[in-house]
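For reference, the structure is listed below as structure tokens.
The values are calculated or read from the model by the stated rules, or taken from the named source; none is laboratory data. Source: prediction; values computed, not measured. Neighbour counts are summed over all protein chains in view; Cβ atoms, including those assigned to glycine, are modelled from backbone coordinates with ideal geometry.
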Amino acid sequence: MSFDFDLLVIGAGSGGVRASRMAAARGVKVAVVEGAPLGGTCVNLGCVPKKLYSYASSFPGHFSSSKGYGWSEVSSSFDWEVLKKNRATEITRLNGIYGNLLKGSGVVQLNGWGAIVDANTVKVGDKTYTARYILIATGGWPTVPDVPGKELAITSNEIFDLPAFPKRLLVVGGGYIASEFASIFNGMGAKVIQLYRSEKILRGFDEDIRHFLSQEMVKHGVDLRVNSDVAKLEKTATGILVTLKDGSTEEVDQVLYATGRAPNTKGLNLEGVGVATSKSGHIIVDKNYMSNVPSIFAIGDVVGHLELTPVALGEAMVLVDYLFGDKTRQMSYDNIPTAIFTTPNAATVGLTEEQARQQYKDIAIYRSDFKALKHTLTGKDERTLMKLIVDKASDKVLGVHMVGDEAGEIIQGFAVALKAGATKAIFDSTIGIHPTAAEEFVTMRTPVGD
């Protein structure tokens, strides 16, 4: 049977573009379907603009810190419109780069939204295309729970381009997205309240990281309220009146919900073609990313293994090797590093202390909490936390965790060490770079008591 394409990809986000390009490089005929700007959530509404806004939020801190180093007080003001304009220009540039990469690889771009007709057919607009394999890489979409007045709330999709800067912002959620936006808008000068319905933000991260980062965010000005949730939202003449479940109220300019994301499968006709999904709506796949329909595959956030851009890229590489290569490449979900771009940053790789205690009989914990050299002159009470988790029996380092400036940049290097199976003895024998915060990871010698 002949097909229009060997591989037809629905979704031109990070995973979809990577799979398209790598498959085309192997000489097969590939098309990618996308109805939105190229690059998906990461480029347009996620990682990239969020990091740019994180940079923007850091400058007031730099200005105030400079006084301790002899610089006179800086008089500055923040222009929301300039930031939005410059962000949009950069994102448009990246959209163009993605388009050129696809074109240069020989990938056919089909503009529109794809719906799966059968195991080998996709409809885009009023046209249909056949493919030997179909790959779903449509990502995720933010959700807002059913609270009265939910239509007044915004999500991470809208936050980057609000008509007016929200001087009063209420962020609902305790995950990394909520915590990052709380820090970002706090740094830009907004009065920020962050609500989380449970006792401690950043569920799933190491307990020490959760506690320490919460303290540091509060120091920086975020009004963090745990065991708190929204009862209803009401429009007023001057903003949005938020009634909390304890009966108290707050009036704010915007309410940002960052309480979860759902797989973006609307309109794909998964049920119609018999593609199985989980209770959460994620597409169920095997280790080769094959769904229960043998010609239909899925990767990235729509699968829901780990919703990180580099994970989607890795899954794309494994999939292309499986479909068009020698089927030897495998994806490991162990020791995947991640960062939280709050103020200060946090980053982690490997097991949390809680996970390590469940999986290993005897572990050692190394922890250091200190004021970074920079802040000895700034007068600020910002502290840094570093933590190592080690299996006593093998001396293998199981986890590396950090809260502090440039945590993501630092932990990326240690992720290589964990991937290589580094032991504490190797850490100890490594010469540190002095004076840096990172050297603390190779100079911690005494474990803390259990």
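Worth a mention:
- Qualifying positions in the stretch 79-134 - closer than 21 Å to F297 by Cβ and exposed (fewer than 14 other Cβ atoms within 10 Å of the Cβ): G112, T128
- Condition check for E199: in a loop (DSSP other than H, G, I, E, B) and under 30 Å from H305 (Cβ atoms): yes
- For the stretch 55-87, the set of residues classified as of a type in the set (G, A, S) and part of a loop (DSSP other than H, G, I, E, B) consists of G70, S72, S75, S76, S77, listed by residue number.
- When V43 is tested against (1) of a type outside the set (F, W, Y); (2) surrounded by 23 or more Cβ atoms within 10 Å (Cβ to Cβ); (3) under 26 Å from D126 (Cβ atoms), exactly one condition is not met: (3).
- Of all residues in the stretch 183-202, those that are of a type in the set (A, V, I, L, M, F, W, C) and within 18 Å of A347 (Cβ to Cβ) total 3.
- Matching residues, the stretch 225-254, being assigned to a strand (DSSP E or B), free of Cβ contacts under 8 Å to residues at least 60 places away in the same chain and either out of contact with any Ser or Thr (no Cβ under 7 Å at 6 or more places or on another chain) or not polar (S, T, N, Q) (or both): R225, V226, T236, L241, L244
- Put simply, of A164, A190, A182 the only residue that is exposed (fewer than 15 other Cβ atoms within 10 Å of the Cβ) and aliphatic (A, V, I, L, M) is A164.
- Taken as a whole, the structure leaves D301 outside the set of residues that are in a loop (DSSP other than H, G, I, E, B), within 24 Å of the chain's Cα centre (by Cα) and not β-branched (V, I, T).
- Residue within the stretch 379-387 that is out of contact with any Asp or Glu (no Cβ under 8 Å at 6 or more places or on another chain), among the aliphatic types (A, V, I, L, M) and either in a strand (DSSP E or B) or on the phi < 0 side of the Ramachandran plot (or both) present: no
- Some residue of the stretch 128-135 being closer than 23 Å to G267 by Cα, at pLDDT 95 or above and not in a strand (DSSP E or B): no
- Subset of the stretch 18-54 [over 24 Å from E180 (Cβ atoms) and part of a helix (DSSP H, G or I)]: R18, A19, S20, R21, M22, A23, A24, A25
- Answer from V349, V397 - the residue that is in a strand (DSSP E or B), over 22 Å from the mean Cα position of the chain (by Cα) and surrounded by 24 or more Cβ atoms within 10 Å (Cβ to Cβ): V397
- Residue in the stretch 428-441 that is crowded, with 18+ Cβ neighbours inside 10 Å, closer than 29 Å to T342 by Cβ and free of Cβ contacts under 8 Å to residues at least 24 places away in the same chain present: no
- Only residues that are within 16 Å of the chain's Cα centre (by Cα) and free of Cβ contacts under 8 Å to residues at least 12 places away in the same chain were counted across the stretch 133-174, and they come to 0.
- Within the option set E180, E151, E90, being assigned to a helix (DSSP H, G or I), within 26 Å of H282 (Cα to Cα) and touching a helix residue (DSSP H, G or I) at 6+ places or on another chain (Cβ under 8 Å) holds for one residue only, E180.
- Taken over the stretch 269-284, the residue count meeting the criterion of being over 12 Å from I296 (Cα atoms) and either of a type outside the set (S, T, Y) or assigned to a helix (DSSP H, G or I) (or both) is 6.
- Single condition R225 does not satisfy, out of (1) more than 20 Å from the chain's Cα centre (by Cα); (2) loosely packed, with under 15 Cβ neighbours inside 10 Å; (3) of a type in the set (D, E, K, R): (2)
- For the residues D381, D362, D395, the requirement of being under 21 Å from V218 (Cβ atoms) and either touching a Gly at 6+ places or on another chain (Cβ under 7 Å) or not assigned by TED's automatic domain parsing to the domain that holds V218 (or both) singles out D381.
- Neighbours by Cβ (under 9 Å, 6+ apart or cross-chain): first from the stretch 408-424, more than 18 Å from I365 (Cβ to Cβ) and modelled with pLDDT of 95 or more; second polar (S, T, N, Q) and in a helix (DSSP H, G or I): none
- Members of the stretch 135-155 that are surrounded by fewer than 16 Cβ atoms within 10 Å (Cβ to Cβ) and farther than 24 Å from L38 by Cα: P145, D146, P148, K150, E151
- None of Y360, Y333 is surrounded by fewer than 21 Cβ atoms within 10 Å (Cβ to Cβ), under 29 Å from R210 (Cα atoms) and within 20 Å of the chain's Cα centre (by Cα) except Y333.
- Selection within the stretch 15-40 - crowded, with 24+ Cβ neighbours inside 10 Å, of a type in the set (G, A, S) and within 12 Å of V320 (Cα to Cα): G15, G16, A19, S20, A23
For every residue, the table says whether it meets (1) free of Cβ contacts under 8 Å to residues at least 40 places away in the same chain; (2) of a type in the set (S, T, N, Q).
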{"position": "P37", "(1), (2)": "no, no"}
{"position": "K50", "(1), (2)": "no, no"}
{"position": "S57", "(1), (2)": "no, yes"}
{"position": "S64", "(1), (2)": "no, yes"}
{"position": "G70", "(1), (2)": "yes, no"}
{"position": "V74", "(1), (2)": "yes, no"}
{"position": "L110", "(1), (2)": "no, no"}
{"position": "G114", "(1), (2)": "no, no"}
